[in-house]
Each structure stands twice: as C-alpha cells, then as structure tokens.
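The values are calculated or read from the model by the stated rules, or taken from the named source; none is laboratory data. Keep in mind that what you see is a predicted model, and the values were worked out from it rather than measured. Neighbour counts are summed over all protein chains in view; Cβ atoms, including those assigned to glycine, are modelled from backbone coordinates with ideal geometry. Surface accessibility is based on the protein's heavy atoms, side chains included, excluding ligands, DNA and RNA. Shrake-Rupley method; radii C 1.70, N 1.55, O 1.52, S 1.80 Å.
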Amino acid sequence: MHLGRTTLSKFLIQQLRGGDDERDLAALLVDIAAAVKAISSMTSKGALAGVLGSREATNVQGETQKKLDVLSDQAFINTFQLGGLTAGLASEENDQPMVFEPSPGEVNGRRYLAVFDPLDGSSNIDVNVSVGSIFSIIRAPKGRRVKPEDFLQSGARQLAAGYAIYGPSTMLVLSVGQGTHGFTLDREVGNFILTHRDIQIPTQTSEFAINTSNARFWEPPVLRYVEECQAGRTGPRERDFNMRWIASMVADVHRILMRGGVFMYPRDTKDPSKPGRLRLMYEANPMAMVVEQAGGLAITGRERSLDIAPEAIHQRVPVILGSKEEVDRIARYHQAFDTGTDEQYRSPLFKDRSLFQE
Ligand code: F6P
Ligand code: MN
C-alpha cells in the first residue's frame with residue numbers, strides 16, 4: 001500500500017515551482033508517464049496480446065521494425081500531439097520530425113519539443129528480456145513554426161530527460177536538472193511512486209558492459225581498458241572485474257545507476273560510415289543527463305556527450321558512460337593514445353597503432 005508515499009505528480013509539483021513554464025513541464029512529464037503505462041501494459045502481456053514479432057518494414061536506420069516498436073511510437077505520438085504541450089517531436093522510428101500546430105482554444109503555448117526512442121532494445125522483446133523507452137525534452141522556438149533544425153540542440157540544453165524500463169517491475173527514471181530520481185509503477189493502482197530519490201552512481205566499480213564480439217573493431221584505448229579489466233587481479237588493475245551485456249541500453253544503464261559500472265558502445269571500424277552505434281538525440285543525450293545528474297560521467301571517449309553540437313536528428317555517436325573514476329580513466333586512455341604517450345601499453349592483439357590514424 002502506498003498511501004502517504006510520494007507519487008510522481010506530487011514530486012513534480014514540488015520540484016517544478018518556477019511559474020507557468022515549469023508547471024507545463026511537470027504536466028508534460030505526467031503525460032509521458034501515461035504513455036509509459038500504456039506501453040508497460042502492452043509489453044507485459046507478451047505473446048498473449050499478439051503484439052510480438054516483426055513487421056515487413058524497416059525504419060529509417062535500416063532496422064527491422066517490431067510490432068511493439070510501432071505501437072509504442074504511436075502511443076508517444078498521440079500523447080504529445082493531443083497533450084497540447086509540445087510543438088513537435090522526433091522519434092527513432094520516423095525519418096522526419098513532426099510539427100504540431102496549436103489547436104483553436106488551446107490555453108497554453110506549446111513550449112517544448114520531444115525527442116524519443118519509443119522502444120529501446122526491441123530485439124529483446126520476443127525473448128522476454130527487459131526493454132525500455134528513452135525521452136528528451138528541449139525548448140521549442142517562441143512565436144514561429146518549428147523547423148527541423150530547432151531539434152538540433154546540444155544535450156546540455158535538455159530541460160528534462162529520462163527513461164522507462166519494462167522489467168520485472170516498470171520504472172520511470174528522470175531528471176529535470178535537479179538530481180536523478182526513480183519511480184516504480186504500482187500496477188494495481190496505476191501510480192508511479194517515488195522509490196529511488198536522488199540516485200548516486202558509485203564512483204568506483206568493478207563491472208563493465210560492452211559487446212565483446214566487436215573487439216576486433218575497437219580502437220586501442222578501449223581494447224586496452226577491456227584487456228586490463230579481463231586481466232583482473234593478475235593485471236595492472238590488481239582486482240577482478242565482472243562483465244554484463246543485456247543489449248538493451250535502458251537495462252544496462254539502469255543497472256549502472258543502481259550499482260555502478262561502465263557502459264560502452266565505442267567508436268569502431270565495423271562500418272566506417274557509422275561513428276558509433278547509438279543515436280545522439282534520443283539515446284546518448286538523455287542517458288548522459290540522467291547519468292551526470294546521478295554523479296556519473298558520459299563521454300564519446302574524446303568529449304563530453306552533452307557538449308556535442310548535433311548535426312542530424314538520427315546522428316550516431318560513440319557512448320561511454322557510468323562510474324566517474326572509470327570513465328575518467330577511459331578518457332585518459334583515449335588522450336594518451338591520441339597524443340602518443342601510451343608507449344607502455346603493448347597489446348598482443350594490437351601491434352599497429354596506426355589502425356585508426358592516418
Ligand atoms: O537501440 C540500440 C540498441 O538496441 C541498444 O539498446 C543496445 O545497447 C544496443 O543496440 C545493442 O547492440 P548490439 O546488438 O550490437 O549488442
Ligand atoms: Mn534504442
């Protein structure tokens with residue numbers, strides 16, 4: 001029974017007291033929570049609802065669309081369009097952003113733009129492994145129609161960001177720039193309850209997450225870091241490390257918020273046309289805000305994720321995030337490699353330093 005505990009709505013009313021603008025942001029986050037509840041209900045029915053499996057189509061990224069990708073996308077689009085608070089949206093599933101005109105009689109302006117990944121890690125749906133939704137809220141231009149370029153704001157300008165995880169329980173984890181907080185869905189009553197106030201990622205960790213099947217495509221600094229972790233007690237780190245890879249970014253990042261760790265989808269040479277796997281606007285940026293607000297760090301290897309100037313809605317970037325001390329270490333390894341000061345590191349797998357350099 002949760003009577004007397006803090007609901008998401010109460011929490012947002014108390015955190016966002018700065019006038020009309022903040023009141024609308026709180027209302028928008030409550031709308032997002034409603035979409036999340038609808039998606040949580042669909043995902044939890046699994047095979048019973050007939051929503052598993054793929055469609056014929058691929059999305060703008062060339063990935064096969066799952067039925068639930070499209071249903072989740074539609075849930076968010078309806079929420080943002082009908083909710084009257086967003087002037088436009090951009091989604092992983094749609095090539096171009098959508099722009100909304102105010103309807104007659106709308107009281108408040110549409111002050112925000114929403115960018116989202118409606119169902120992250122959707123390859124895990126058919127095997128009943130945790131998936132999630134990721135969202136980012138930025139400011140819409142005032143007094144004119146939204147243009148596609150208006151979405152290209154750096155992550156540091158996000159007003160709110162977060163994710164929902166559809167796991168054994170459904171959780172909403174978000175930040176409005178005043179810490180990162182987690183809410184657990186009470187399914188019977190339909191309320192999100194504040195269960196994880198002011199989440200802090202431990203600064204040190206002995207756990208890393210990376211898809212090691214890509215090892216032969218990595219850059220030397222990433223290979224160095226992972227090899228040192230794997231060497232454990234007998235290597236330079238002088239302690240054993242553990243490895244996890246769920247292949248749902250939401251689930252991997254959630255674990256890191258709960259108990260520390262490092263998540264990496266680094267730059268690699270697998271497909272030279274792609275500088276990373278994950279998308280800046282609706283994967284890297286919102287997760288970077290949530291992680292930084294929880295005392296962690298998020299970088300590409302060479303720069304802070306939140307400082308990247310976006311060039312395209314579906315732009316991909318390398319992502320390295322999590323416990324502060326480990327991410328700092330990986331940044332140092334990149335710098336040492338780039339400046340040629342990592343002479344002491346000799347990987348048997350990596351004799352040629354020039355693989356990534358002209
Ligand atoms: O959205 C992309 C994504 O599904 C992430 O959720 C996840 O971290 C990653 O791709 C998994 O990639 P891979 O299948 O290469 O391990
Ligand atoms: Mn995704």
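Estimated at 0.36 nm per residue, the fully extended path between K274 and D328 surpasses their Cα-Cα distance by 17.0 nm.
Using just its DSSP H runs of length 4 or more, each adding -39500 (n - 2.57), the chain gives a mean residue ellipticity at 222 nm of -9000 deg cm²/dmol after division by all residues. The value for the stretch 110-187 of Rg(Cα) / (2.2 N^0.38 Å) is 1.30. Ligands, DNA and RNA left out, the 1.4 Å accessible surface of the stretch 115-262 is 47% carbon and sulfur atoms. In this label model, Q204 and E22 are separated by 3.8 nm, measuring between points 7 Å along each Cα→Cβ vector. Using a probe of 1.4 angstrom and keeping all protein chains present, the accessible surface of the stretch 80-125 works out to 38 square angstrom per residue.
Please state, to two decimals, what the Cα-based radius of gyration of the stretch 55-139 comes to when divided by 2.2 N^0.38 Å (N = residues).
1.19
Between N94 and T341, the simple label model (points 7 Å from Cα in the Cβ direction) yields a spacing of 4.8 nm. Expressed per residue, the C-alpha convex hull volume of the stretch 73-231 stands at 191 Å³. A DSSP coil position with no more than 13 other Cβ atoms inside 10 Å describes the following trypsin sites (Lys or Arg not before Pro) in the stretch 152-248: R187, R197, R239.
Sorting the segments 9-22, 120-133, 79-92 by their mean number of nearby beta carbons within 10 angstrom, highest to lowest, gives 79-92, 120-133, 9-22. Summarised in one figure, the compactness ratio Rg/Rh of the chain, Cα atoms and Kirkwood Rh, is 0.98. Annotation: amide H of G88 within the under-5 Å range of F100, A114, sequence separation 5 or more or interchain, hydrogens built in the peptide plane. Extension gain for W245 to V129 (0.36 nm times residue separation, less C-alpha to C-alpha distance): 40.6 nm. Between A309 and L48, the FRET efficiency estimated from the beta carbon spacing at R0 = 41 angstrom works out to 0.35.
The simple Förster model, with R0 at 22 Å and r as the Cβ-Cβ distance, assigns T58 and S213 a FRET efficiency of 0.50.
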